[in-house]
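J.: Here you go, one structure.
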């Protein structure tokens, strides 16, 4: 049996209430022949410390950890967590999927991520797990992985991308029942008897906005905004001559 721990990286100061669709699709898209046990650790909602993440991995003992990373601004967090886990679990295979894969060259060179899944994740991730199972979950020799489409990794110290995976895959809707096994699904479902639109502005973001009006920030933050507004209204640029 292959044991996988899937995690979603925190994408902002407060947990999002948009459900982790990608995690649901990856779990349901695993090849049944691989005999996988996939677990989901909702890091965006729970906001665990590195120590708590370490304890979770020790308790579950996965062979592979999969990071679902949507926003590139979380790269700093990903890098720190990846290097931390490499020290704690040197044999744990680290795989990244999601939109952050567009900067896979930076990620592979500066973190401990072993593989980045680029594009549609389901067929590529299953193929990767199959090859890893055959290598005893060793990624030292990269030759067996070169034929897997949609995969990026370091080969000879340089980023290598195998090319886009073009096989058509059915679009899966989110499986709330599946996710409810691992997380508090009520966080992702709006109540029908209350205010549908939740407050999506965190205290930090409010402070950032009012920080625009501090004297030291007026010139560098507020004036460019005024300049853009003026340009939109007039159709030209400040100081522009005919």
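J.: Can you tell me which residue in segment 124-142 is nearest to residue 107 (Cα to Cα), limited to those that are assigned to a loop (DSSP other than H, G, I, E, B) and touching a helix residue (DSSP H, G or I) at 6+ places or on another chain (Cβ under 9 Å)?
T.: Quick first cut of segment 124-142, residues assigned to a loop (DSSP other than H, G, I, E, B) only: 135-142.
Narrowing the set further to residues that are touching a helix residue (DSSP H, G or I) at 6+ places or on another chain (Cβ under 9 Å) leaves 135, 138-139.
Numbers: 135: 24, 138: 20, 139: 17 Å.
Only one residue fits best here, namely 139.
J.: So, in segment 139-155, how many residues would count as being without any contact (Cβ under 8 Å) to a residue 12 or more places away in the chain and out of contact with any strand residue (DSSP E or B) (no Cβ under 9 Å at 6 or more places or on another chain)? Show your work before the answer.
T.: In the first step, residues of segment 139-155 are kept if they are without any contact (Cβ under 8 Å) to a residue 12 or more places away in the chain; the result is 140-141, 143.
Keeping just the survivors that are out of contact with any strand residue (DSSP E or B) (no Cβ under 9 Å at 6 or more places or on another chain) gives 140-141.
Total satisfying the criteria: 2.
J.: When segment 1-24 is examined, which residues are found to be touching a strand residue (DSSP E or B) at 6+ places or on another chain (Cβ under 7 Å) and either touching a residue at least 60 places away in the same chain (Cβ under 8 Å) or surrounded by 15 or more Cβ atoms within 10 Å (Cβ to Cβ) (or both)? Reasoning before the result, please.
T.: Initial filter on segment 1-24 (touching a strand residue (DSSP E or B) at 6+ places or on another chain (Cβ under 7 Å)): 1-9, 20, 22-23.
Those that are touching a strand residue (DSSP E or B) at 6+ places or on another chain (Cβ under 7 Å) and either touching a residue at least 60 places away in the same chain (Cβ under 8 Å) or surrounded by 15 or more Cβ atoms within 10 Å (Cβ to Cβ) (or both): 2, 3, 4, 5, 6, 7, 8, 9, 20, 22, 23.
J.: Something else now. Would segment 25-44 turn up any residue that is without any contact (Cβ under 8 Å) to a residue 60 or more places away in the chain, exposed (fewer than 14 other Cβ atoms within 10 Å of the Cβ) and touching a helix residue (DSSP H, G or I) at 6+ places or on another chain (Cβ under 6 Å)?
T.: no
J.: Could you pull out the residue among 107, 57, 70, 65 that is touching a strand residue (DSSP E or B) at 6+ places or on another chain (Cβ under 7 Å) and not in a helix (DSSP H, G or I)? Before you say what the answer is, go through the steps one by one.
T.: Working: 107 fails: not in a helix (DSSP H, G or I); 57 fails: not in a helix (DSSP H, G or I); 70 fails: touching a strand residue (DSSP E or B) at 6+ places or on another chain (Cβ under 7 Å).
Within the list 107, 57, 70, 65, the selection yields 65.
J.: Select from segment 182-197 the residues that are over 29 Å from residue 112 (Cα atoms) and within 23 Å of the chain's Cα centre (by Cα) and write down the one among them that is modelled with the highest pLDDT. Even if it seems obvious, please write down each step before you answer.
T.: Going through segment 182-197, the residues over 29 Å from residue 112 (Cα atoms) turn out to be 184-197.
When the remaining residues are screened for being within 23 Å of the chain's Cα centre (by Cα), the result is 184-189.
Values: 184: 90, 185: 87, 186: 85, 187: 86, 188: 85, 189: 80.
So the residue we want is 184.
J.: Right, another one. How many of the residues in segment 148-181 are exposed (fewer than 11 other Cβ atoms within 10 Å of the Cβ) and either at pLDDT 90 or above or farther than 30 Å from residue 109 by Cβ (or both)?
T.: 8
J.: Assess whether residue 55 counts as being surrounded by fewer than 18 Cβ atoms within 10 Å (Cβ to Cβ) and modelled with pLDDT under 95. Even if it seems obvious, please write down each step before you answer.
T.: Working: surrounded by fewer than 18 Cβ atoms within 10 Å (Cβ to Cβ): yes; modelled with pLDDT under 95: no.
The answer is no for residue 55.
J.: Do the conditions hold for residue 30, that is, is it over 19 Å from residue 100 (Cα atoms) and touching a strand residue (DSSP E or B) at 6+ places or on another chain (Cβ under 6 Å)?
T.: Yes.
The values are calculated or read from the model by the stated rules, or taken from the named source; none is laboratory data. Since the model is a prediction, treat every value here as computed from it, not as a measurement. Neighbour counts run over all protein chains shown; Cβ positions are idealised from the backbone, glycine included.
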